[in-house]
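Student: Before I ask anything, here is the structure I am working with.
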Amino acid sequence: MAKVSAQRAAELTGKSKSTIQRAMKQGKLSCDNDGNRRLVDVSELERVYGLVQTEDKASAKKTDVVLKEAEYMLEIEKLKMQIKMLETQLDDTKDQILDLKAQRDQWQKQASQVLLTSQQTQEQSKTLQQELDMRRRRDAMMRKQAEEKRKAFEAKKAAMQRRVQTIEPQNENVKSEDTTSGQMNSFWGKLRGRG
């Protein structure tokens, strides 16, 4: 469920803001810190105090709209964080591929120099060639694994972007359902740091 500030919790429960804050400090209400603000889950408020039942259906609808919007915003932020994490993993994988290619080239150069300049026996040459072949196979396998990781990342990234694109229009629909409520709009303005 959505998390709300002490002020909004007071509105939802019919209690004073100081009562809510006191319950948070005493541990009666579990809460999370978001920067310098404490947020409490709506289900936690309902467990401890019960939510105020109003006869005004518009007020109940506004609350539902606010909660839905908060859920969508949290989902969008969560998906954006996952996308950033996967992009970081992709960058790390690309760096690893470049490093492996450099190592492969270095080994090939060393093997070529050893084969051309040394007077080693046939057995030693065969051993070096086997080692080079083994490294090439390992390199090919690692490149294949890195490519598979990249493809998996791209698929996850595309799926997350599609999810964000489907949630954002829903979020806009929730916002447009109730634009006449100045009190709710000012609450979200404060929540977003505009008020």
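Student: Of the conditions (1) part of a helix (DSSP H, G or I); (2) crowded, with 16+ Cβ neighbours inside 10 Å; (3) not small (G, A, S), D99 satisfies every one except a single condition; which number is it?
Tutor: For D99, the exception is condition (2).
Student: Could you check how many residues of segment 21-53 are in a helix (DSSP H, G or I) and within 21 Å of L74 (Cβ to Cβ)?
Tutor: 7
Student: Same structure again: If I ask for residues that are assigned to a helix (DSSP H, G or I) and of a type in the set (V, I, T), which ones from segment 1-16 would you list?
Tutor: Once the filter is applied, which keeps residues that are assigned to a helix (DSSP H, G or I) and of a type in the set (V, I, T), segment 1-16 yields only T13.
Student: Ok, one more. With the requirement that a residue be assigned to a helix (DSSP H, G or I), free of Cβ contacts under 8 Å to residues at least 12 places away in the same chain and farther than 30 Å from E148 by Cα, what does segment 102-135 give you?
Tutor: S112, Q113, L116, T117, Q122, E123, Q124, S125, K126, T127, listed by residue number.
Student: Return only the number of the condition from (1) touching a helix residue (DSSP H, G or I) at 6+ places or on another chain (Cβ under 6 Å); (2) without any contact (Cβ under 8 Å) to a residue 12 or more places away in the chain that R47 does not satisfy.
Tutor: Only one criterion is unmet by R47, namely (1).
A short reminder: the numbers here are calculations on the coordinates, not readings from a lab. Computed from a predicted model, the values in this text were never measured in an experiment. Counting neighbours? That spans all protein chains shown, and the Cβs are built from the backbone with ideal geometry, glycine included.
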